[in-house]
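**Q** There's a structure below that I have some questions on.
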Amino acid sequence: MSKDHAIRALRGRLLWFVADPDEAGDAAHRFVEDGLLVVEGGLIRAAGEAKALLPTLPAGAIIADHRPHLIMPGFIDAHIHMPQTQVIASYGAQLMEWLTRYTFVEEQKLAQQGHAETLSAFLLDELLASGTTTAAVYCSVHARSAEAFFAESHRRNTRMIAGKVMMDRNAPPALTDTAASGYADSKALIGRWHGKGRQLYAITPRFAVTSTPEQMAAAQRLVAEHPDCFVQTHINENRSEIAAARELYPDAADYAGIYEDYGLLGRRSLLGHCIHMTKREWRAFAEHGAVAVFCPTSNLFLGSGLFDWQRARHEGVRVAVATDIGGGTSYSMLRTMAEAYKVLQLQGQSLSAFAALHAITRGNAVALGLEHLIGSFETGREADIVVLDPGAIRSMAHRLETVRDLAEELFVLVTLGDERNVVATYVAGERTASAAA
Ligand SMILES: [Zn+2]
């Protein structure tokens, strides 16, 4: 990990999860009011009471004193589009029109020299400033866009999942690859980047509407040849999208059936949205262990619909949460969970602060199958850390004067918080340069 093997520590109020609060209740989280997080070689060496751990540090160990701030594992965003940082906040369209009117126009710019590098650096700055240390990232159709993103992430030593979009129809000619070139470019990127340092590859057919059966078969071959890579795509976001997909694949049982037929529905498959799901589709997800990715700000902004988390849980489907920039409207996972709470409220469901904070740390790590690496402060995990000041915003400090316990305080943080509450972000034990804007 880090070349620097010196022992260092962060002191503050520690909060992390060892289980899902929906299953384990209060036993799911660990909270230490005066805590110490000990880091060595980029990994967590210990987390606990400062009183107990301070005497174990070697003489001269550097301690970053973050008291009274909250120290949590870095946030994880399970679905975001690198080429859409300048598509965010585009007016007045639902999914299919929004893609053609705004997204496909912006994405063509990634063919220009240097643009993918600029957007990659911007996105990583913005993620880290929001306390997000891992994300599953869609690049553009151009292989160089994924190359640029991985190079920048590798330079910063961030643990990122990314892939070049595969798209060979229903998009402008400048934005399409072919079944063969999409396969070859993805394969070359996997060879160069998957498992290099902290980088991981996601095979990325954008969605069934923009891939021919030949390209879906090419994606299937990639998955068969690289079963440890992720798969990321979209499903059941919007009614006209569903109709288009069904029309293009009339033999499939349903939308999920399209991905199922091409072996793209597996335990490492991250499927964005999952709003309009049939009973059979939920079952297929559960059976294959596929992950439903809930993108609340995007679903509200594009008017797509309300994700039914209770149903997913009931069906035994794993759920991850994500911003989906640029359909989404905030890079902050805190803001994302505030909107998730409202989406669930509209359906008579609820979301505790503990469940929300679990979702964006350990919960997403589990959904990504990366819980042995990230998402908690258990010994040996990578030291990706966010330091939060719940009182950084005047209205929040004012509200916090009346809270009676940790659950209330954290609910204020989740409901009103955003990147302005981020005091510092650490990547593999190193404090990053980017602070909140
Ligand atoms: Zn998306």
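**Q** Report the residue count in region 300-323 for those that are of a type in the set (A, V, I, L, M), under 14 Å from Ala78 (Cα atoms) and open to solvent by 10 Å² or more (accessible area, probe 1.4 Å).
**A** Residues flagged as of a type in the set (A, V, I, L, M), under 14 Å from Ala78 (Cα atoms) and open to solvent by 10 Å² or more (accessible area, probe 1.4 Å) within region 300-323 amount to 1.
**Q** Within region 320-328, does at least one residue satisfy the condition of being away from the ligand (no atom under 15 Å from the Cβ), aliphatic (A, V, I, L, M) and in contact with a Phe, Trp or Tyr (Cβ under 8 Å, 6 or more places away or on another chain)?
**A** no
**Q** For region 277-299, how many residues are within 16 Å of the ligand (Cβ to nearest atom) and more than 21 Å from the chain's Cα centre (by Cα)?
**A** 0
**Q** All but one of (1) without any contact (Cβ under 8 Å) to a residue 12 or more places away in the chain; (2) of a type in the set (Val, Ile, Thr); (3) assigned to a strand (DSSP E or B) hold for Thr425, so report the exception by its number.
**A** (1)
**Q** Answer yes or no: is there a residue in region 216-232 that is under 25 Å from Ala365 (Cα atoms), under 20 Å from the mean Cα position of the chain (by Cα), assigned to a loop (DSSP other than H, G, I, E, B) and of a type in the set (Val, Ile, Thr).
**A** no
**Q** Would you check which residues across region 121-144 are under 18 Å from Asn364 (Cβ atoms) and among the hydroxyl-bearing types (Ser, Thr, Tyr) and list them?
**A** Ser130, Thr132, Thr133, Thr134, Tyr138 - these are the residues of region 121-144 that are under 18 Å from Asn364 (Cβ atoms) and among the hydroxyl-bearing types (Ser, Thr, Tyr).
**Q** Those residues that are of a type in the set (A, V, I, L, M, F, W, C) and more than 16 Å from the ligand (Cβ to nearest atom), I need them from region 207-240; list them, please.
**A** Met216, Ala217, Ala218, Ala219, Leu222, Val223, Ala224, Cys229
**Q** Give the residue, chosen from Glu40, Glu97, that is open to solvent by 40 Å² or more (accessible area, probe 1.4 Å), within 16 Å of the ligand (Cβ to nearest atom) and acidic (Asp, Glu).
**A** Going through Glu40, Glu97 in turn, the sole match is Glu97.
**Q** Restricting attention to region 2-37, and to residues there that are in a strand (DSSP E or B) and of a type in the set (Asp, Glu), which single residue is most open to solvent (accessible area, probe 1.4 Å)?
**A** We begin by selecting, within region 2-37, every residue in a strand (DSSP E or B); these are 7-17, 29-37.
So of that shortlist, the ones also of a type in the set (Asp, Glu) come out as 33-34.
Values: Glu33: 109, Asp34: 54 Å².
Among those residues, the one meeting the criterion is Glu33.
**Q** Related question: Kindly list the number of the only condition in (1) among the polar types (S, T, N, Q); (2) in contact with an Asp or Glu (Cβ under 8 Å, 6 or more places away or on another chain); (3) not in a helix (DSSP H, G or I) that fails for Asn170.
**A** Result: Asn170 fails condition (2) only.
**Q** Given Phe104, Phe122, which one is of a type outside the set (Lys, Arg), outside any loop (DSSP other than H, G, I, E, B), in contact (Cβ under 8 Å) with a residue 12 or more places away in the chain and under 27 Å from Leu370 (Cα atoms)?
**A** None of the other options fit; the residue is Phe122.
**Q** Pull up region 179-197, narrow it to residues that are within 15 Å of Ser211 (Cα to Cα) and of a type in the set (A, V, I, L, M, F, W, C), then point me to the one that is surrounded by the fewest Cβ atoms within 10 Å (Cβ to Cβ).
**A** Per the criteria, the residue is Ala180.
**Q** Please determine whether any residue of region 295-315 is of a type in the set (A, V, I, L, M), touching a Pro at 6+ places or on another chain (Cβ under 7 Å) and in a helix (DSSP H, G or I).
**A** no
**Q** Of all the residues that make up region 114-131, how many are within 16 Å of the ligand (Cβ to nearest atom) and under 17 Å from Leu357 (Cα atoms)?
**A** 1
**Q** Take Ala89 and tell me if it is under 29 Å from Arg335 (Cα atoms), open to solvent by 60 Å² or more (accessible area, probe 1.4 Å) and either within 16 Å of the ligand (Cβ to nearest atom) or under 26 Å from the mean Cα position of the chain (by Cα) (or both).
**A** Working: under 29 Å from Arg335 (Cα atoms): yes; open to solvent by 60 Å² or more (accessible area, probe 1.4 Å): yes; either within 16 Å of the ligand (Cβ to nearest atom) or under 26 Å from the mean Cα position of the chain (by Cα) (or both): yes.
Criteria met by Ala89.
**Q** From Glu241, Glu247, Glu237, grab the single residue that is assigned to a helix (DSSP H, G or I), surrounded by 17 or more Cβ atoms within 10 Å (Cβ to Cβ) and out of contact with any Asp or Glu (no Cβ under 9 Å at 6 or more places or on another chain).
**A** Glu241
**Q** Just to check your reading of the model, which residue among Thr278, Thr297 is open to solvent by less than 60 Å² (accessible area, probe 1.4 Å) and touching a residue at least 24 places away in the same chain (Cβ under 8 Å)? It would help to see each step written out before you state the result.
**A** Numbers: Thr278 fails: open to solvent by less than 60 Å² (accessible area, probe 1.4 Å).
Of the residues listed, the single one that is open to solvent by less than 60 Å² (accessible area, probe 1.4 Å) and touching a residue at least 24 places away in the same chain (Cβ under 8 Å) is Thr297.
**Q** Quick one: in region 250-260, which of the residues that are touching a residue at least 24 places away in the same chain (Cβ under 8 Å) and not small (Gly, Ala, Ser) is surrounded by the most Cβ atoms within 10 Å (Cβ to Cβ)?
**A** Checking each candidate, the answer is Tyr259.
**Q** On to the next question. Exactly one of (1) within 30 Å of Asp125 (Cα to Cα); (2) away from the ligand (no atom under 14 Å from the Cβ); (3) polar (S, T, N, Q); (4) open to solvent by less than 50 Å² (accessible area, probe 1.4 Å) is unmet by Gln349. Its number?
**A** Here Gln349 meets the rest and fails (1).
**Q** Just to be sure, is Phe75 farther than 30 Å from Leu123 by Cα and modelled with pLDDT of 95 or more?
**A** On the way: farther than 30 Å from Leu123 by Cα: no; modelled with pLDDT of 95 or more: yes.
So Phe75 fails the test.
The values are calculated or read from the model by the stated rules, or taken from the named source; none is laboratory data. Owing to the predicted nature of the structure, the values given are computational and were not obtained by experimental measurement. Don't worry about glycine lacking a Cβ; one is built from the backbone with ideal geometry, like all the others, and counts go over all protein chains shown. These accessible areas exclude ligands, DNA and RNA; they are computed on the full protein's heavy atoms, side chains included. Shrake-Rupley method; radii C 1.70, N 1.55, O 1.52, S 1.80 Å.
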